[in-house]
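Q: Here it is: the structure, laid out below.
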Amino acid sequence: MKEEFQFAIDRGGTFTDIWARCPGGKIKVMKLLSVDPQNYEDAPREGIRRILEQETGIKMSADKPIDTSYIDWIRMGTTVATNALLERKGEPMALAITKGFRDLLYIGNQARPQIFDLEISAPDQLYSEVIEVEERLVFKQDKCEINKSCDRVTGVTGEKLEIWEKVNTEKLREDLQKLLDKGIQSLAVVLLHSYTYADHEKEVGRIALEMGFHQVSLSSEVMSMVRVVPRGYTACADAYLTPQIKKYVAGFASGFKDNIQNTSVLFMQSDGGLTPVNKFNGSRAILSGPAGGVVGYALTTYNQDTKQAVIGFDMGGTSTDVSRYAGQYEHVFETTTAGVTIQAPQLDINTVAAGGGSMLFFRAGMFVVGPESAGADPGPACYKKGGPLTITDANLCLGRLLPEYFPKIFGKNQKSPLDKAATDKAFKKLTREVNEFLSSQEGTAKQKMTTEEVAMGFIQVANEAMCRPIRALTQAKGYDTSKHVLACFGGAGGQHACAIARSLGMSKVFVHRYAGILSAYGMALADVVYEAQEPCAKVYNPDFFDYFDQHIAELQNKCREELMKQGFQREQIETQPFLHMRYDRTDCALMISADNHPANQNSCRSGDFKSAFQERYQTEFGFTIPDRPILVDDIRVRGVGKALVREEKEVPATSSPPVATLKANCYFDKGYRETEVYLLENLSFGHSVEGPAIIMNGNSTILVEPNCTASITKCGDIEIQVGSGSTQRVGPDLDAIQLSIFSHRFMSIAEQMGRVLQRTAISTNIKERLDFSCAMFGPDGGLVANAPHIPVHLGAMQETVQFQIRMRQRGKDFREGDVILANHPQAGGSHLPDLTVITPVFWPGESKPVFFVASRGHHADIGGITPGSMPPHSKCIQEEGAVFKSFKLVDQGIFQEEAVTQVFMEPGKYPGSSGTHNLSDNLSDLKAQVAANQKGITLIKELIEEYGLDVVIAYMAHIQDNAEIAVQEMLKEIGRRTRERTGTTQLSAEDYMDDGAKICLTVNIDEEKGTAVVDFTGSTCEVYGNCNAPRAVTLSALIYCLRCMVGHDVPLNQGCLKPVTAIIPKGSILDPSENAAVVGGNVLTSQRVVDVIFQAFQVCAASQGCMNNITFGDDTFGHYETVAGGAGAGPTWNGRSGVHSHMTNTRITDPEILERRYPVILKKFHLNPGTGGHGQHKGGDGIIREYLFRKDLTLSILTERRVFSPYGLNGGECGSKGVNLIYYRDGRVVFLGSKTSIKCHAGDVFYLQTPGGGGYGSEQELKTETRKRKQRLSEEGSKAKKGHSLVGRGSVFEYKKSQESA
């Protein structure tokens, strides 16, 4: 039998990598530019042609089809889908969605992507047109009191549904024809509850295909999982990208004889498995390229004997991908790419905005790396296209990159080498800026830094930035980071691997010989995968074991049949069943395999899934809930066709010493060191290379740092043993490099505290909604670092800690082992459900605490006059729940359970009030907060042991000073602009709450010193009701506004407020008395404070100024949500519609989850056009949300901006006011006002219209603006070339976004 060529190809955004096995076993590798239209049409095809021509000696013309008789198989990963998504260059498509929900995918989960960006920008929607399908399915509910005559059906999950409205096919055909008339031939169909009952979607799809649509993506077929929003995004992505993939595949195939019909062509999917070309679709192609790299390192680095887990570290030009492998691929089932949430199995690849092209900045005394990237054009300064300084330039400046080993493809003619002179020139300029700043500061460590020290500083800061997500990825799942191997691949990772491994405590780095093309090599090693999945809604107990076994068997057969159609024998096929499991009354579902948990008499025949679930839950979260039922949301089977046996070719062994090719001069911590350079191709098994050294592997540079040793394995790979490294003595004086590193270390402590709290808490609010903050404080209680950045928590915990220090004799009353609990507004509390746990940090020889750590978590219920402790009509604090002012929760190591229980039940003493409804959750969450604080203490002590107490305390102060400088610079600029515009530096504004209470503000700026006095004198006295805002909330709003106006990342700490003197009158609505009710102040008045501050500073028009707090329930359940509105416009932007703004960023419950769990039907949820204020820039529109209640219950609303409109600015019109109406079933319509609590009956409809945002600038200016638009777009285009910010991806990124939307 004739031997044939086998090709594995990774078509990346910049380069296409090709790995080929030739007849006889010879391996060829090649790297081509992915886009080079002057030389070839398609890079993968050109690579195949060149290798065939070189190896066969037969001339093959580039313009003629390639003879496929030479080819056994082609395996390929491609970024075609990702690039089409990023650049919004997919197929024009339309969305067909249930009537009443036309804007559902625009609104999404209503959270804004960046909490401090006033210009709320989100990527464009994939669809260009929307049609609403007249149809409606609802769940059958036994307690539903609406009697409706309708057909009843059973979904695939076994759930019963009612067809309230059949598909109106006549109207549907009219609407579809209009789409075809516009040239749209791709359609996504997304109907509510289609994941369990798909007949309506299938009917729409059948009609669309009959009428001539080429691509129809049904959400029920693309991914049949509950939650219509992510399922809808996934269907849109499929309709948008699949036609593009088909076009690419057709173009690729056209370059081969017979359109490559008789050759095996497989494409890599996002889940790390290969699939035939005809089954490769858009929604599963997003991570097609990066997935190959994960497979590559997983199968080459992981040792089956030692079972030591591996961290994949793939550092490229614009970003770094981080992942983990411990014998099984780690998948996630929902991630966001380019603003589109995809619901599909994907490898958990975490993308960090730090790569070789990450830009370098020196801001307010701090070294900053990224997130902006120079990209490929103009690229780094050394690319000779006028680009900015980047990490690549820093490595070149330090001698760690050798231009002679780089291809000469740079400059305008693309024939020049890397330009070290341009890099050195740019670094000299930046060094002058650094030294000018340092010379202006007192107490700096050194007056002058060298160019090399500056470059080295940026390398160290970049390394620390990349360490943070690696720590988060491992510790989030309960693993020790230091017990991993670092598998390094990609173009830039080899220069940083030793330093990163050392920082993380890892002792080994592994670099495969194909590290430069590992994604392509991974395609060659990968298995062919077919997955089958169906939704489920059963409890995991013996009653349903037969059901699970039957459905698993059916899915297994489906996988086997599909793989056998592809030519696999039954013995080559393996199947792995999974159950998507969660505890009842939680949303935290885990995809569970029963591997290592064989079946027994208490399990189904497919394995002991319950034990597997509990073991994984214990590992990730630190506890289990033994008596809680376990629910199964989905049944999934992964079928694997094993085709290629991995073969590692061994290299010759040697006992002679390695021979260096040349010697270079490289800069390390202690200056320049002579560094020998080796070529990997000249090294053999047995060779050992002591650092410092450089090993060149093709175009990849591997830096072996001092105190590290590289060994060549028997297969020719590089294994580096990482030594401890030289300890650099850091003193207490300010060092700009250490300032940036300490900033990362302090933030990392707060982040790791948060991970422990999330893992060990039991309530939905903390574990799943992530409504908490963790922070560390100096000995004076001043905030040092806070994570995450929930706006209403910013700075508020500082007030709490400082109150405790004052209460307890300036800290003398604290003892080791004590923990304090507080939530009272006078003690720095925001509202009572936010409980703050504070622990002092002691150090030997110090009589008082040297630091404090604290964690604040939102408890779902702490008693009061309503369940949920968010009453709309509370008049005193005792009606809002349990009060803790300075309560010793732990006394010298003993948890005071009896005493704290007594306080939780105390509200029951007041008429109409009760104690907490969920004491066990309260206690469990408090213990989790104590544990989180303990983690913070451990990490702070490790930092002190590493650097010394004096240094850590000094850098705590330096970090605060840095934030102070950033705010001072902003105030100087605002003062200067204000004086130019008005002739004065005094600013003022006022606004009114719906009850007439006034918020009054005067700001006096000293533009020379960069300070300001922010004076709220004149604001209304404390109000009768709950719209009083505690002083801590007012300060949080002020810090939030300052951070937004600074416009870039600064450490959010005590320093932000140092240049600002805040005058908040005692006894006012912004600092009420001891017993004032405050729940509305936290969620409503805080928004008005922000509006007034931004009005005074003339930053932007008012946003909706409200959180639209809606609660409904009865004695058996309660549901609380906040609802989005319009954002205010600014001087250069339109306000975003249907989004949360300013002091809240809460995600909204998916409509399918809402209707599945509660006796309510969501009739409408869409934008309300025209409610944003008009102007040169238009305010965002509010939304309309209608709830139909299915049984008698109580509705409570706590809203604002129903009387006073959100203001417009500088000639812009006001946004529309909100409206709350109740449509009674007897036909009456009643206006409800801003705040009320009413009894509703089955059939009543609550109509919520949220406010729009104010407009900015007059409409006259709009005409002038239109004339200037082309010029501005051109300028923005040139700015874009100078640097674009990369948005992260993966489970760590999703966790951060979830935190910021709590």
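The values are calculated or read from the model by the stated rules, or taken from the named source; none is laboratory data. The shown structure was predicted, so the numbers you read here are calculated from the model rather than taken from an experiment. Here Cβ is always computed from backbone atoms with ideal geometry, including for glycine, and neighbour counts include all displayed protein chains. Calculation scope for accessible area: heavy atoms of the full protein, side chains included, ligands and nucleic acids excluded. Shrake-Rupley method; radii C 1.70, N 1.55, O 1.52, S 1.80 Å.
Q: Restricting to Cα pairs below 8 Å that are 6+ residues apart, what does the relative contact order work out to for the chain? Please round to a whole percent.
A: In percent, rounded to a whole number, it is 10.
Q: Moving on to the next point. Ranked highest first by the average count of other Cβ atoms within 10 Å around their residues, in what order do 626-632, 1193-1199 fall?
A: Per-residue mean Cβ counts within 10 Å order the peptides as 1193-1199, 626-632.
Q: Output wanted: per-residue J couplings in Hz (rounded whole) for the range 234-243, from phi through Karplus 6.51 cos²θ - 1.76 cosθ + 1.60, θ = phi - 60°, x for Gly and Pro.
A: 5, 5, 5, 4, 5, 5, 7, 9, 4, x
Q: Multiply the residue gap between Gln572 and Glu3 by 0.36 nm, knock off their C-alpha separation, and tell me the result in nm, one decimal place.
A: 202.6 nm
Q: Give the relative contact order (percent, whole number) for the range 1147-1236; include only Cα pairs under 8 Å separated by 6+ residues. Intermediate values should be presented prior to the final figure.
A: Numbers: 130 pairs, mean separation 21.6, N = 90.
Worked out over the range 1147-1236, it gives 24 percent.
Q: Still on this structure: Would you give the gap between the C-alpha center of the range 138-169 and the C-alpha center of the range 642-720, rounded to a whole Å?
A: Distance between centres, Cα-based: 67 Å.
Q: So for Lys941, Lys428, Lys1066, what's the accessible-area order with a 1.4 Å probe, most first?
A: Sorted by accessible area, descending: Lys1066, Lys428, Lys941.
Q: Order of 1043-1053, 159-169, 341-351 by packing, highest average Cβ count within 10 Å first?
A: Top of the packing list down: 341-351, 1043-1053, 159-169.
Q: Right, another one. Go through the range 668-737 and name the trypsin sites (Lys or Arg not before Pro) that are in a DSSP coil and have 14 or fewer other Cβ atoms within 10 Å of their Cβ.
A: Passing sites in the range 668-737 are Lys670, Lys714, Arg729.
Q: Could you compute how fast the chain diffuses translationally, taking Rh as the Kirkwood radius over C-alpha pairs and applying Stokes-Einstein at 25 °C with viscosity 0.890 mPa s? Give it in µm² per second. Please report the intermediate quantities before stating the final value.
A: Values: Rh = 32.7 Å.
In µm²/s, the coefficient rounds to 75.
Q: For n ≥ 4 DSSP H runs only, could you compute -39500 (n - 2.57) per run for the chain, divide by its residues and tell me the 222 nm figure to the nearest 500? The partial results should precede the final answer.
A: Values: 26 runs with 379 residues, N = 1302.
Calculated mean residue ellipticity at 222 nm is -9500 deg cm²/dmol.
Q: Over the range 100-239, how many pairs of lysines fall under 19 Å by alpha carbon, counting only those 8 or more apart in sequence or from different chains?
A: Count of close lysine pairs: 10.
Q: Using a 1.4 angstrom probe on the protein heavy atoms only, could you order Ile51, Ile1238 from most to least accessible area? Don't skip to the answer; put the middle values down first.
A: Details: Ile51 0, Ile1238 30 Å².
The ranking, largest first, comes out as Ile1238, Ile51.
Q: Is the range 387-531 best put as rounded, prolate or oblate by its Cα gyration tensor, with a ≥ b ≥ c the root eigenvalues, rounded for a/c under 1.5, and otherwise prolate when a/b is larger than b/c, oblate when not?
A: Oblate shape, in that a/c is at least 1.5 and b/c is the bigger or equal ratio.
Q: Give me the percent of Cα-Cα pairs in the range 547-588 that sit more than 15 Å apart, rounded to a whole number.
A: For the range 547-588, the share of Cα pairs beyond 15 Å comes to 53 percent.
Q: When all protein chains stay in place, what accessible area (Å², nearest 10, 1.4 Å probe) is found for Arg759?
A: So the heavy atoms of Arg759 present about 40 Å² to solvent.
Q: Let me ask you something else. For the range 590-631, how big is the tail of P(r) above 16 Å, as a whole percent of Cα pairs? Don't skip to the end; give the middle numbers.
A: Details: 291 of 861 pairs.
Pairs farther apart than 16 Å: 34 percent.
Q: For the range 932-1017, report the translational diffusion coefficient in µm²/s to the nearest whole number, using Stokes-Einstein at 25 °C, 0.890 mPa s, and a Kirkwood Rh over Cα pairs.
A: Translational D for this selection: 150 µm²/s.
Q: Does the range 889-995 come out rounded, prolate or oblate by the C-alpha gyration tensor, with a ≥ b ≥ c the root eigenvalues, rounded set by a/c under 1.5 and, if not, prolate when a/b is larger than b/c and oblate if not?
A: oblate
Q: Which value, in Å² rounded to 10, gives the accessible area of Arg513 with a 1.4 Å probe and all protein chains present?
A: Approximately 50 Å² for this residue.
Q: From the protein chains alone at 1.4 Å, what is the descending order of accessible area for Asp1091, Asp595, largest first? Display every interim value, and only then the final one.
A: Working: Asp1091 0, Asp595 70 Å².
Ranked from most to least accessible, the order is Asp595, Asp1091.
Q: Packing-wise, with mean Cβ within 10 Å as the measure, how do 544-555, 188-199, 143-154, 85-96 rank, highest first? The partial results should precede the final answer.
A: Values: 544-555: 17.1, 188-199: 24.8, 143-154: 11.4, 85-96: 20.1.
Output ranking for 544-555, 188-199, 143-154, 85-96: 188-199, 85-96, 544-555, 143-154.
Q: Next question. Determine ³J(HN,Hα), in whole Hz, for all residues of the range 798-803 in sequence, where each value follows from phi through the Karplus function 6.51 cos²θ - 1.76 cosθ + 1.60 and θ = phi - 60°; x replaces Gly and Pro.
A: Computed from phi, the couplings for the range 798-803 are 4, 4, 5, 5, 5, 4 Hz.
Q: Right, another one. How high is the relative contact order of the range 1004-1073, in percent, with contacts defined as C-alpha pairs under 8 Å that are six or more residues apart?
A: 52 percent
Q: Antiparallel DSSP bridges in the chain: what percent, to the nearest 5?
A: Working: 180 of 225 bridges.
Just about 80 percent of them are antiparallel.
Q: Determine the per residue accessible area of the chain with all protein chains present and a 1.4 angstrom probe, expressed in square angstrom.
A: About 37 Å² of surface per residue is accessible.
Q: Can you tell me how the range 470-620 classifies by the Cα gyration tensor, rounded, prolate or oblate, using a/c under 1.5 as the rounded cut?
A: Here the range 470-620 falls in the oblate category.
Q: Separate question: In the structure displayed, which of Lys909/Lys1191; Lys31/Lys89; Lys565/Lys714; Lys610/Lys935 lie more than 28 Å apart, Cα to Cα?
A: In this structure, Lys909/Lys1191; Lys565/Lys714; Lys610/Lys935 exceed 28 Å between Cα atoms.
Q: Here is a follow-up. May I ask you to give the percent of accessible area on the chain that is carbon plus sulfur, with a probe radius of 1.4 Å?
A: That share works out to 48 percent.
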